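The values are calculated or read from the model by the stated rules, or taken from the named source; none is laboratory data. Predicted model, so just to flag it, every value in this text is computed and none were measured. Heads up, the Cβs are rebuilt from the backbone with ideal geometry, glycines too, and the neighbour counts pull from every protein chain shown. Surface accessibility is based on the protein's heavy atoms, side chains included, excluding ligands, DNA and RNA. Shrake-Rupley method; radii C 1.70, N 1.55, O 1.52, S 1.80 Å.
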Amino acid sequence: MKVLIEFLETEDVTKTEIFPHLKCSENEAKILQKVAAKYVAGREDIYVFDMLQELFGDKEFEYLDHLSEIKTLLELGWLHHQSFNPVKVADVTPLELLNAAVSPTPSLLKLFQDGSFEVELPEIKPYSDHLEYLQDQFFRIELYQKMSAIRQNVHEHSLGIDRLHNKLELLEKRIEERIEKTDDKESLVLDRFFKQKKLSDKEQVIFIALLREEYSATDASLREMNNLIDLISFDEYDRIKNRSLLEEGSRLITEGIIDYEEMLNPFGGISRAFYIVDEVLQNIMHPQKSKKVKRLKLNALIEEQDVFELVEPTTSLEDVVLNPETEKTLQNLMKQVDKEVVNRLVKWGIKDKRSGIDARIIFYGPPGTGKTLTAHSLAKSLKKQILAFDCSKILSMYVGESEKNVRKIFDTYTDLAKKTKSEPILLLNEADQFLSARSSGIGSSADQMHNQMQNIFLEQIENFQGMLIATTNLLENIDKAFSRRFNYKIEFKRPNKEQRLRLWQLMLPEEADYEEDFDIAKLAQYNLTGGQINLIVKNTAYKVAVRENPIFTMQDFIEEIQKEKNADFDTEKSMGFLAK
């Protein structure tokens, strides 16, 4: 604190050690001296009126002439007030500051403490090893972070950014000089990687920032997309331009260098958290290991088993037309499985730290209301794959086989998840027979087998770790023992008229020709599910396409609607429906 004490005790502020760093006039420095004296005396908010009167007296309102100096100090960022930021201060008249309360900014306090903004740079000498090189690169990211923080803090000032930017340029030049002096350049794995991949400066910064997070072993927010963009952006135009570096189709993603997870943020939007792909990370962190560590992919193993179908979701929740209540429940579900929420549960001892997302969900409702499609879309929003199983396949003509098959479902899922180090969603379609009430009494051998199968299923559900979704048409037949073991029971209702209108508008072929009086609103009056509308549109299209004059008419659709309305749809498989 020698610098601060000297600044407080020296009568001529122009002769203090930090005066050259202040870049201000002598009177402005005296004001800062007074602010510092009041701050160390325990006063954080200092009233401008009182301070100027103490410094310059109140004779003939002389203190009013110094209000412009207060404004300058606010603009420089040495002082701040919650009502005035550097942008707004430019439009403020000095007289408006008279009754304001100001306080020192973090930059001023840091200057008092350290005596300057100088950053110690590494010596120009060869790198002894890869870790020493990484240390300089991580220091580089630290400077980028400081600059980003200053840009976002309205109370900081441009002088701080300029100083840091100069130091950053010197550091980057110093790194290049040290690389040039290093004889064994092959040992500098990261530098070699950058040159092989021909990464731009900004792509390098993104990569190093993510690598720094891996070494620090934290869930720091620097992984989040907006924070990474802030790191390399100097203004709003830069932010817009730099988003392309982290969007689909960018080189970092398409070349398999980094990847991301999508999670629902507290404001209801989807945020991306980026990470370095395993193989790349291992080669950088452990270059001495010749064996490459590869994560097995589900699609490479799925052909070796006969239990699951691997589903790569193509639609997200934003693409699905849902009843408002169902949509609200799903959004709440997304919030519950957010990583930050999971981390809190681990901290509180509610969840096992080793486990990922734990959720057992039932989707129930009439066929065609979008249960299966919504399960796929939920997986897409969570950036997960799906292992799907049709529960109607479980029944076996041999006694005892069904029980084995139940265990096989969960054992195979666990084995695949373990081998691939992933957490796919387990989707059990048409799970009615598993979930229905068990028979009481002795009953037939078939009843006993069914009860035994359900008991095993109940046990597996109880011990399941991960996300499981079961779809069923009827909730009222579910055994209470099963009902208690599902976290969420989400109803899928038949679409109302407004939703049906939207579905018709989105599902009708855009490039087709329609008769002059074609009225979609009339079609929406028919009480149909999304699956039925989808099927009617397809059947009508097949009928119209073979005509010499392929024009869709209202009568074409009404005929198909009548056919579907006269059929028994309770046994039809849910087709789901899309918003786009």
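Label positions at A481 and A37, each projected 7 Å from the Cα along the C-beta direction, are separated by 8.2 nm.
Of the whole protein surface, S68 contributes about 60 Å² of accessible area at a 1.4 Å probe radius. Computed from the C-beta positions of N527 and E318, the FRET efficiency with R₀ = 25 Å rounds to 0.45. Using the Cβ-Cβ distance between E247 and V346 with R0 set to 41 Å, the FRET efficiency from 1/(1 + (r/R0)^6) comes to roughly 0.85.
What is the range 165-262 by shape, rounded, prolate or oblate, if you read a ≥ b ≥ c off the alpha carbon gyration tensor as root eigenvalues and call it rounded for a/c under 1.5, prolate for a/b larger than b/c, and oblate otherwise? Prolate shape, in that a/c is at least 1.5 and a/b is the bigger ratio.
Extension gain, K408 to N566: 0.36 nm times the residue separation minus the Cα-Cα distance gives 52.9 nm. Using heavy atoms of the protein chains and a probe of 1.4 Å, the accessible area assigned to T10 is about 40 Å².
For the pairs K418/K489; K2/K110; K543/K563; K34/K71; K328/K522, note any where the Cα-Cα span goes beyond 18 Å. Over 18 Å Cα-Cα: K418/K489; K328/K522.
The phi-based Karplus calculation (6.51 cos²θ - 1.76 cosθ + 1.60; θ = phi - 60°) puts the 3J(HN,Hα) values of the range 407-420 at 5, 4, 4, 6, 5, 5, 4, 4, 5, 5, 5, 5, 5, 9 Hz, whole numbers, x for Gly and Pro. In loop segments of the range 447-493 as defined by DSSP, the GluC sites (Glu not before Pro) with at most 11 further C-beta atoms inside 10 Å of their C-beta are E476.
Note on D519/S392: beta-carbon distance plugged into 1/(1 + (r/R0)^6) with R0 of 56 Å gives a FRET efficiency of 0.90.
Size descriptors for the range 362-430, from the alpha-carbon set: Rg then Dmax equal 13.9, 41 Å. Computed with a 1.4 Å probe over protein heavy atoms only, the accessible area of L474 comes to about 80 Å². Using DSSP to define loop residues, name the GluC sites (Glu not before Pro) in the range 505-563 whose beta-carbon has at most 12 other beta-carbon atoms within 10 Å. Filter output for the range 505-563: E510, E511, E515, E516, E548. Taking I350, I361 and ordering them by how much accessible surface each has at a 1.4 Å probe, largest first, produces I350, I361. With every protein chain in place and a 1.4 angstrom probe, the accessible-area ranking of K197, K563, largest first, reads K563, K197.
Annotation: extensible slack from A545 through L109 equals 149.3 nm (criterion: 0.36 nm per residue apart, minus Cα-Cα distance). For F234, F389, F139, the ranking by accessible surface with the largest value first comes to F234, F139, F389, using a 1.4 Å probe.
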